[in-house]
Amino acid sequence: MTDLNKNVQYIKGVGEARAKALNKLGIYTLEDLITYYPRDYEDRSKIKKIAEIVDGEKCSIEAEVVSGLNVRMLGRYKSIEKAIVKDETDNCMITWFNQPYLRTQIKRGGKYRFFGKIQVKNGVKELNSPVFDAIDKNNNTGKIIPVYPLTYEINGNAIRKIIQNGLSLVGNLEETMPKYILDKYNLLGYDESIKQIHFPINFDAFKKARRRLVFDELLIMQLGLLKLKGENNKEIKGIKYDENVNMSEVINDLPFKLTKAQLNVLEEINNDMEQDKPMNRLLQGDVGSGKTIVAMIAAYKAVKSGYQVVILAPTMILAKQHLENFNNILGKYGIKCEGLVGGMTAKQKRLALERIENGDVDIVIGTHALLEENVVFNKLGLVVTDEQHRFGVKQRSTIIAKGENPDVLVMTATPIPRTLALILYGDLDISIIDELPPNRKEIQTFAVSKKLESRVNEFVKKEINKGRQCYVVCPLVEEQEENDGPKLKSALELAEEYQNKIFKDYKVGVLHGKMRPKEKDEIMQKFKDKEIDILVSTTVIEVGVDVPNASLMIIENAERFGLAQLHQLRGRVGRGEYESYCILKCGGINELIKERMDIMTKTNNGFVIAEKDLELRGSGDFFGTKQHGIPEFKIANLFQDMEALKEVQALAIQIINKDMNLEKEENKLLNKLVEKRFSSKAEITI
């Protein structure tokens, strides 16, 4: 049996340089290669007569070359190659660019099969840059061809050949699913599914293969989450908080009124806290919906019942902001809050750790530093993780283990459609804040092409002259490598151009993820203190400090971001009293980009945007970038496969109810898959 962990470098047709290109696609091993599924298929199996072909379609024709290949040089390196072909119904012009070597391959009188895009101009049919085969071959035509997501270093033909070579190595793949499930749901075998998903003999075979692989992916995810939930709920005695500690003491004291949605969520949390089993709740709320104040009020109840609280934030900036806000609201009740972040001196940290262990601190707010072994709590009762998608299940478990079955509140501003949230966060109960506070202004959003750059720059100046500030977000930190695709301006390049040319009279700062935490904090603080007018940044500001004076968000190459991520970035502005704007600058435009930008300009509702993002892009890259950690599905699309998801969820519940730990002989294969997916190597960050 071939080792599926074999390094992809040693597969025929790869080698060291190509292995690096494959690594960029997440392909490191033979198993990664054979589970790198096509994103689409081209049906090159159906042959059309030339008389039937129409403008704009992609199709295959079989034809005889009636003229020799005419090569016309356009300068030293450029050329156009043309040939006329015919079948019994009509003629067609074939055109290639910069491929003079085809003179030796396309022969007059030869019969070939061509596949490409048709253009009809003034009644003349032309096939541009087609792939072709001699009539007795079918390497590039005459069959269904898989289309893979690619980088610029590796083309479609190359990856198809490499995957073919990989599949020829594996022989017969071992079955991964128990026989009773295969039989009950009439599923295709694993070996056949993998082969047919890449090179299907017909679309019926593709559908059967896809159904099987989607079923696997969804079932394993569901079983893993239900197993986690079961472990969390195993008759564990939790903390029963004091019913006499009333949340309304804080609610009535606040300088603003809570929304109905916030009050409903607090009621759910209060009910959980007063039961003797641990709370395990996900709090979902759009950007600016007021999740933090909900966490504060829950923390108040825990502290006044005699327990400590820990707030885990993804960045130092956010941890410091939380510390300031918690002190402002809860300080008057004698509640002591302490920060614990990476940038502290050894002495500061030692003293903070002593105070935490002695119980002199009620609420500890910090970053990943809180996960370290030397952080010992006196009586930990409530764990709050903010922006949960930045932390894995194991990290959550690490912090929970520092208390005696504490209550857990998980917060996220990533809007997830409710059905999807119930499935993805299968180990948590769910609360949703689905309304914004009345003082939140709607952010006006515009999508523009690069042609309007000078008008956008004038608008930036106008806003700054009014006393406002502006964010500019780039997809890159520094200049691209040469082969990284179309040239994009990096954050560093753009900041330099702004400061030295376009916005010479204004103060420009730059912020990116490669900076040291201390540097990031200093830049962000300067921006907050109005010492910077324009902050050029990467997506590091997506989860960041509130700057009420910032009224303008400009996103460069907006087409390169997911909708959910664009919505998160837009939420950085509109946090004060001023009219705020988001300008999406697009480097290119096609129907899909246009549709996506239209959604952003027409709604500020994160849940509507999330639904559409899921529909348009599928779940694999639903949250835009790798640091967003909702599990990436290789083949399932949670919008398209919702019916399969419901079927799988019902099966997963049945299995777990009968065999919680998947220990029975019939479920050993399932257990193996669950352990693999939920291992530390494949850490699922939900």
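Each reported figure results from applying straightforward, stated rules to the coordinates on display, with no laboratory input. Fair warning: this is a prediction, and the values are worked out from it, not measured in the lab. Cβ atoms come from the backbone with ideal geometry, glycine included; neighbour counts cover every protein chain shown.
Values computed for the structure shown
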{"read-out": "Alpha-carbon centroids, segment 646-673 and segment 296-314: separation in whole Å", "value": "36 Å"}
{"read-out": "Per-bin percent of Cα-Cα distances, the chain [10 Å]", "value": "3, 13, 20, 22, 20, 13, 6, 3, 1, 0"}
{"read-out": "Rough spin-label spacing in nm, given labels placed 7 Å along Cα→Cβ, for LYS347 and ASN157", "value": "6.9 nm"}
{"read-out": "Given charges at Cβ of Lys, Arg, Asp, Glu: segment 12-70 dipole, positive-most of GLY15, ALA63, PRO38", "value": "GLY15"}
{"read-out": "Relative contact order (percent, whole number), segment 46-142, Cα cutoff 8 Å, 6+ residue spacing", "value": "30 percent"}
{"read-out": "Ascending count of other beta-carbon atoms within 10 Å, so fewest first, for MET597, MET273", "value": "MET597, MET273"}
{"read-out": "Cα-projected label distance for VAL124 with VAL608, points at 7 Å along beta-carbon direction, nm", "value": "4.9 nm"}
{"read-out": "Rg/Rg_ref, segment 248-433, where Rg_ref = 2.2 N^0.38 Å and atoms are Cα", "value": "0.97"}
{"read-out": "Segment 444-603 shape via C-alpha gyration tensor axes, a/c threshold 1.5", "value": "rounded"}
{"read-out": "Relative contact order, percent, segment 1-94 [alpha-carbon distance under 8 Å, six or more residues apart]", "value": "18 percent"}
{"read-out": "Ranked list, fewest to most other Cβ atoms within 10 Å of each Cβ, for VAL608, VAL540", "value": "VAL608, VAL540"}
{"read-out": "FRET efficiency for LYS332 and GLN275, using Cβ-Cβ distance with R0 set to 30 Å, rounded to 0.05", "value": "0.55"}
{"read-out": "Sequence-separation-based contact order of the chain, relative, with Cα cut under 8 Å and 6+ spacing, percent", "value": "12 percent"}
{"read-out": "Dipole axis of segment 46-142 (+1 Lys, Arg; -1 Asp, Glu on Cβ), positive-most option in ASN98, ILE53, THR141", "value": "ASN98"}
{"read-out": "Computed FRET value (nearest 0.05) for ARG355 with LYS518, which takes r as the C-beta separation and R₀ as 22 Å", "value": "0.45"}
{"read-out": "16 Å Cα-Cα reach of LYS137 towards lysines, excluding residues that sit fewer than 8 places from it in its own chain", "value": "LYS46, LYS107, LYS111, LYS161"}
{"read-out": "Exposure proxy order (Cβ contacts within 10 Å, fewest to most) of MET524, MET515, MET411", "value": "MET515, MET411, MET524"}
{"read-out": "Residue-by-residue Karplus 3J(HN,Hα) for segment 180-189, coefficients 6.51, -1.76, 1.60, Hz, glycine and proline x", "value": "5, 6, 4, 5, 4, 9, 6, 9, 5, x"}
{"read-out": "Mean-position separation - Cα centroids, segment 9-32 and segment 441-476, in angstrom", "value": "42 Å"}
{"read-out": "Cα lying deepest toward the dipole's positive end in segment 231-313, options GLY285, ASN264, ALA302, charges on Cβ", "value": "GLY285"}
{"read-out": "Residue-averaged [θ]222 nm for the chain, counting only DSSP H segments that reach four residues, each worth -39500 (n - 2.57)", "value": "-11000 deg cm²/dmol"}
{"read-out": "Dipole magnitude of segment 45-91, debye to nearest 20 (Cβ charges: Lys/Arg +1, Asp/Glu -1, about Cα centre)", "value": "400 debye"}
{"read-out": "Debye, to nearest 20: dipole size of the chain, +1 on Lys, Arg Cβ, -1 on Asp, Glu Cβ", "value": "2040 debye"}
{"read-out": "Segment 1-83 - charge dipole about Cα centre, Lys and Arg +1 at Cβ, Asp and Glu -1, debye rounded to 20", "value": "440 debye"}
{"read-out": "³J(HN,Hα) computed for each position of segment 12-18 - Karplus, 6.51 cos²θ - 1.76 cosθ + 1.60, integer Hz, glycine/proline x", "value": "3, x, 9, x, 5, 5, 5"}
{"read-out": "Fraction of beta bridges assigned by DSSP in the chain that are antiparallel (%, nearest 5)", "value": "40 percent"}
{"read-out": "Stretchable slack from LEU74 to GLU453, in nm (0.36 nm times residue separation minus alpha-carbon distance)", "value": "133.0 nm"}
{"read-out": "Pair ASN98, ASN252: separation of 7 Å Cα→Cβ label points (nm)", "value": "7.6 nm"}
{"read-out": "Segment 100-142-segment 145-221 distance, computed between alpha-carbon centres (Å)", "value": "30 Å"}
{"read-out": "Debye-sum result for segment 40-152 in log10 I(q)/I(0), which assumes one identical scatterer on each alpha carbon, at q = 0.09, 0.17, 0.18, 0.24 Å⁻¹", "value": "-0.23, -0.83, -0.92, -1.42"}
{"read-out": "Rounded if a/c under 1.5, otherwise prolate or oblate - segment 15-105, Cα gyration tensor axes", "value": "oblate"}
